[in-house]
Amino acid sequence: MPHQPERRMTELKKLIDQYSYEYHVLDAPTVDDSVYDSLFGELKRLEAAHPELITLDSPTQRVGNKLLDGFAKVPHSRRMLSLNDVFDKADVEAWARRIDKLMPVGSRREFFADLKMDGLACALVYQDGVLVQAITRGDGFVGEDVTHNVRTIRNVPLRLRLTAGYEKFLDGRTEVRGEIIMLKQEFEHLNAAQIAAGKPPFANPRNLAAGTIRQLDPGLVASRPLHFRGYDIIREETQDVPTNLYAYETLTALGVTRNPEAAVFKTLDETMRFVCGWSDKRHQLPFNTDGLVIKVNDRKVFDSLGIAGKQPRGAVAYKYAAEQATTVVRDIVISIGRTGAATPVAVFDPVKVAGTTVQHASLHNADEISRLDVRRGDTVVIFKAGDIIPQVERVIVELRPEGARKINYEQELARQYSGLQFERPDGEAVYRVKGRTDPIILKRSLCHFASKGALDIDTLGEKNVSALVDTYLVRDLADIYTLSVEQLLTVDRFAEISAHKLIDAIAAKKTPRLERFVYGLGIRHVGIQTAIDLSAKFGSLAGIADATIDQLTEVDGVGMVVAESVVAWFGDSDNRTLLKKFKLLHVHPIHQQNNGQLKGLSFVVTGSLVSMSRDEAAERIRTLGGIFQTSVGKDTDYLVAGEKVGANKLAKAKKFHVTIIDEAAFRAMI
């Protein structure tokens, strides 16, 4: 007997809702995605055949039409309040003492604490269990109606779940308040897709979540992985929700995702142990957080405490203070980025901040140096902005050494880059290399990156590089890994065979040798031998990036100038973004231990060789573990003498008792 459409659609909606609840709220799906998709497809087909039976709470109705007139203003039923910030145990204790004086006689002192999510506050309004409106915080009194967009968020229930003991919440008006967030891992995936598409990455999950909800196209909103996490329930009858803990239990019963970490504590000491316990563990959470919310658990007592200004007396937001540390600025090194921008970097004694060791921080531009009045030898306060990027907060002037001279930025540019000229365009804060446009610098950088000494990418020569940059297919070094055959065929220089050949050549260099990759980055003062030495010493790109100046100068041939140049390059924010992009595009440099027959032996080649060029000889020596030198010294083992040998090198070789061999003997060795 065939199913009645209305009954079948009701059964499908109920089951799809159950599977969605298991997936999003319980995090324990009982069926594969394919089962869910199949049932969802059947419901769509039934609704297409019987449009008169479509209901507002159907999961197929999440994505609506575009909004043509923006978002309507909507007053909140109750003001959405902000909280006073506290930063340490003393602040929390002072807050507790204040509310103790105001608490009704005989009331129970109990605290409720939960992690504070870094997202967009939003109120979901349900009428008789069905979602009818979603409102942003706005100014607390009036928000914007974003119902069309919030309906697209997969874990927002379009109808509240009926659970025994909680039936009253499906009767009348129930308001669920919470945060719209984007999980860190999904944010990274989205940024990877942005980069692969040649688009700029998004700044952070919170800004992206907030910006997405304010899009006029619900279809675009639906394409982004947003989540809703509830933290409160509002009812007209306040006794319906006696405690904050009960509110959380109700959220789960109604099918609303909430933080499982929330808990109730009898004493302030227990609460602070919870707070301190999450100080480090918070970095392991799937979402960003900068603290917790601590409330009086009893809602009646909470309401009786009232409001002071814009904040309720019964709750505070505990903010984990940005970790700070002091260190001494050893140097200020200027890094030239791929666009020709000259970025100053403070190099300082290694110091641990927010769990990691840092030794450099961008000073951004000449104006920032002037604002901070930072000088070599200064003791500075370092902090991590957003727990990620090290920044110089201020100078401790009282500890400034005598004779510390103010930084003259133009003189520094002239001293550090004597062969270049710089200019500061009107209206800009950044000095740039004069007479060298962004494309010219990028072309030179990319030619070097693809050269034989670096990644040795076949067919990516000067003319092809120019074509790719001029057509805007490549905007930085990493962009070559986003190219497709279809894109290349739009460029005059490429036909089917040449396009496939270049794409294959680039793909073959996704796991380049570490030393070649480091050399290819074009770090000032880092030649191929230095890149080899750095790779051998630190074993990975991360190892080189994290190396201190002292560690770098332990490498043979690396002095203070080279060490500071390396630290400055990895300290430049543009360069860090570039390396992150390489990683997102699955480019992973590999360090290979070299145990060839020339390991530890040093060679100098003089004169011309018949069977190979000098560059080829150098490559063979390095491939077999040897060291290629450009001049004879005490540590040289062999001088390879070809035709038209220079007398000076022969004399030096004899002076230092270096073994002189001809080309035939050299070929026998290799």
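What follows draws every value from the coordinates through simple rules; no lab data is involved. Model, not experiment: these values are computed from the prediction. Please note: Cβ atoms are built from the backbone with ideal geometry, for glycine as well, and neighbour counts cover all protein chains shown.
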Practice prompt. Could you state the angle between the C-alpha long axis of helix 528-538 and the longest principal axis of the C-alpha atoms of the chain, as a value from 0 to 90 degrees rounded to the nearest 10?
Written response: 50
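So what is the relative contact order of the chain, in percent, for Cα pairs below 8 Å that sit 6 or more residues apart?
Working: 1139 pairs, mean separation 63.7, N = 670.
Reported as a whole number, the value is 10 percent.
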Response to the item:
Amide H proximity to F422 below 5 Å, modelled H, separation 5+ or other chain, gives K434
Discussion item. Which trypsin sites (Lys or Arg not before Pro) in the stretch 104-185 sit in a loop by DSSP (not H, G, I, E or B) and have at most 12 other Cβ atoms within 10 Å of their own Cβ?
Written reply: R108
Discussion item. Quick query: amide H of R258 versus all other amide H atoms, modeled in the peptide plane; which residues come in under 5 Å with a sequence gap of 5 or more or a different chain?
Written reply: G230
Discussion item. From the phi angles alone, apply the Karplus equation (6.51, -1.76, 1.60; θ = phi - 60°) to the stretch 545-554 and give each ³J(HN,Hα) in whole Hz, x where the residue is Gly or Pro.
Written reply: 4, 8, 5, 7, 4, 4, 5, 5, 6, 6
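May I ask you to sort R371, R444 by Cβ crowding, counting other Cβ atoms within 10 Å and putting the fewest first?
On the way: R371 12, R444 15.
Fewest-to-most Cβ neighbours within 10 Å comes out as R371, R444.
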Item to complete: Treating only the Cβ atoms of Lys and Arg (+1) and Asp and Glu (-1) as charged, compute the dipole magnitude of the stretch 324-420 about its Cα centre; round to the nearest 20 debye.
Response: 140
Worksheet item: In debye to the nearest 20, how big a dipole does the stretch 217-333 give about its Cα centre with +1 on each Lys and Arg Cβ and -1 on each Asp and Glu Cβ?
Response: 160
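Kindly put T60, T326, T630 in sequence by how many other C-beta atoms sit within 10 Å of each C-beta, fewest to most.
Details: T60 19, T326 14, T630 11.
The fewest-first ordering by Cβ neighbours comes to T630, T326, T60.
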Worksheet item: Amide H of I523: which non-local residues (sequence gap of 5 or more, or other chain) have their own amide H closer than 5 Å, using H built in the peptide plane?
Response: none
Fill in: Mean residue ellipticity (222 nm) of the chain, computed from DSSP H runs ≥ 4 via -39,500 (n - 2.57), nearest 500
-10500 deg cm²/dmol
Worksheet item: Taking K and R as +1 and D and E as -1, what net charge do the other residues with C-beta under 15 Å from the C-beta of L399 add up to?
Response: -1
Practice prompt. Pairs of Cα atoms under 8 Å, at least six residues apart: use those to get the relative contact order of the stretch 438-584, whole percent.
Written response: 21
Response to the item:
As a percent rounded to 5, the proportion of antiparallel DSSP bridges among beta bridges in the chain is 80
Item to complete: May I ask you to evaluate 6.51 cos²θ - 1.76 cosθ + 1.60, the Karplus curve with θ = phi - 60°, for each residue of the stretch 325-331 and list the ³J(HN,Hα) values in order in whole Hz, giving x for glycine and proline?
Response: 7, 10, 7, 10, 6, 8, 7
Worksheet entry | ³J(HN,Hα) computed for each position of the stretch 154-167 - Karplus, 6.51 cos²θ - 1.76 cosθ + 1.60, integer Hz, glycine/proline x | 4, 9, 7, x, 6, 9, 5, 6, 7, 10, 4, x, 10, 4
Worksheet item: Cα centroid distance between the stretch 166-181 and the stretch 413-482, in Å?
Response: 56
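Filter the trypsin sites (Lys or Arg not before Pro) in the stretch 502-547 down to the DSSP loop ones having no more than 11 other Cβ atoms within 10 Å, then list what survives. The partial results should precede the final answer.
Working: sites: K509, K510, R513, R516, R524, K537; in loops: K509, K510, R524.
Listed in order of number, the matching sites amount to none.
So if a site counts as exposed when it's one of the GluC sites (Glu not before Pro), its DSSP state isn't H, G, I, E or B, and it has at most 16 other Cβ atoms within 10 Å, what's the longest stretch of the chain without one?
Working: sites that count: E236, E237, E261, E323, E402, E428, E554.
My reading of the result: 1-235 is the longest stretch.
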Discussion item. I need the Debye-formula profile for the stretch 562-670: one equal scatterer per C-alpha, no solvent, reported as log10 I(q)/I(0) at q = 0.11, 0.23 1/Å, two decimals.
Written reply: -0.51, -1.16
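Given +1 on the Cβ of Lys and Arg, -1 on the Cβ of Asp and Glu, and no further charges, what dipole in debye does the chain carry about its Cα centre, rounded to the nearest 20? Mind showing how you got there, number by number?
Details: 88 positive and 88 negative charges, 185 e Å.
Charge dipole of the chain: 880 debye, to the nearest 20.
Between the DSSP loop rule and a limit of at most 16 other Cβ atoms within 10 Å, which chymotrypsin sites (Phe, Trp or Tyr not before Pro) in the stretch 609-670 are left? Before the final figure, lay out each step's value.
On the way: sites: F628, Y638, F656, F666; in loops: F656.
Sites meeting the loop and neighbour criteria: F656.
Using a ≥ b ≥ c from the Cα gyration tensor of the stretch 555-608 (square roots of the eigenvalues), is it rounded, prolate or oblate, where a/c under 1.5 gives rounded and otherwise the larger of a/b and b/c decides, a/b for prolate?
Values: a/c = 2.62, a/b = 1.57, b/c = 1.67.
Oblate.
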